[in-house]
Amino acid sequence: MVFFPIERMIQLLIFILPAYVANAAPVVFGTGASKMPIDFRIKFIDRKRLLGGGKTWPGFFVGILSGTIVAAITSQLMPFYPAMDMHISVGFMLSLGTMVGDTLGSFIKRRFDIKHGKPAFLLDQLAFLLVAIAFVLPWRPEFLDWAGFAFLLIATVVLHSCSNVLAHRLGLKKVPW
Ligand code: CTP
Ligand code: MG
C-alpha cells in the first residue's frame, strides 16, 4: 500500500460510511423482531422463501434513514476537509443502494438454499457495497477510481468481518458473521 496514501484511504472510508452505517443499522436497532418481512413470506418458484425472515421493512427503512443522516453529517465536513466529497443526496443513494444490494444478496442466498442468518462469504460482505457504488456512479468522486474501488472491496471484507465479531461479542448478533 505504499502507493496508496493514508489520506486517500480515509477519504474513501468517509465517503462510503453511509453505506456501512445503513448496512449495520438494522442489527444495532434490532429491527429483526418485527413481523414485517419484505417478502411478505411469499415463496419463489423453487418453493423457498423469496428473501427470508432476515429482511424486514423496518430494517430496510432504518438502514436508509441512518445512512442518510450520516451523510448529512459527513457532508458538513467539507469546509474543514475540502477533499471530502459528499452530498446528502449521494448519501441517500448510497444507503438505498446498500439496502437494495443487501436484499438482492438474500435473494441469491435463498436460491442456493443457504438459510437466513447462515454465512455466504463475499456475498454477505460485498453485495451491498457493489450495489451502493453502482447507485452513485453518476456522482462518483474523482478519488473513487479503480484503485479506490479495489481498496474499498478489501477494506469492506475486513471491516465487515471484524464488526460482526464485535456485534456478536456485544450480544447484538447471535452469530459472529
Ligand atoms: N435486518 C432487518 N431488515 C433488513 C436487513 C437486516 O431486519 N432489511 C436485521 C435482521 O434482524 C437480520 C439482521 O438485521 O437478521 C442481520 O442482517 P443480515 O446479516 O443482512 O441478515 P441475515 O439474518 O443474515 O439474513 P440473510 O441470510 O438473508 O442475509
Ligand atoms: Mg447475515
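Read-outs throughout are calculated quantities, based only on the coordinates presented, and are distinct from any laboratory measurement. What you are looking at is a predicted structure, and each value in this text was computed from that prediction instead of being measured. In this analysis, Cβ positions are derived from the backbone assuming ideal geometry, glycine residues included, and neighbour counts consider all displayed protein chains.
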For the stretch 31-113, averaging the sequence separation of alpha carbon pairs under 8 Å that lie six or more residues apart and dividing by its residue count, the contact order in percent is 30
Among Leu122, Leu50, Leu13, the residue with the largest mean-square fluctuation in a Gaussian network model of the chain built from Cα contacts under 10 Å is Leu122
Once normalised by the length of the chain, the mean sequence separation of its alpha carbon contacts under 8 Å that are 6 or more apart gives a contact order in percent of 23
The summed charge of the Lys43 Cβ neighbourhood (under 10 Å; Lys/Arg +1, Asp/Glu -1) stands at +3
With -39,500 (n - 2.57) per DSSP H segment of 4 or more residues and division by the full residue count of the chain, the 222 nm estimate, nearest 500 deg cm²/dmol, is -20000 deg cm²/dmol
Computed on Cα atoms only, the convex hull of the stretch 113-154 has an orientation-averaged projected area in nm² of 3.6
Rounded to whole angstrom, the alpha-carbon centroid of the stretch 109-162 lies from that of the stretch 1-73 at a distance of 11
Cα extents of the chain per principal axis, largest first, Å, are 50, 34, 30
The answer for Thr56, listing residues at least 5 apart or on another chain whose modeled amide H is closer than 5 Å to its amide H, is Ile38
A chain fully extended from Leu77 to His168 at 0.36 nm per residue, minus the present Cα-Cα distance, gains in nm 29.6 nm
Net charge (Lys, Arg +1; Asp, Glu -1) of residues whose beta-carbon lies under 10 Å from that of Thr103, Thr103 excluded, is -1
Ranking Asn164, Pro141, Gln125 by how far each Cα lies towards the positive end of the charge dipole of the stretch 105-177 (+1 on Lys and Arg Cβ, -1 on Asp and Glu Cβ), the top one is Asn164
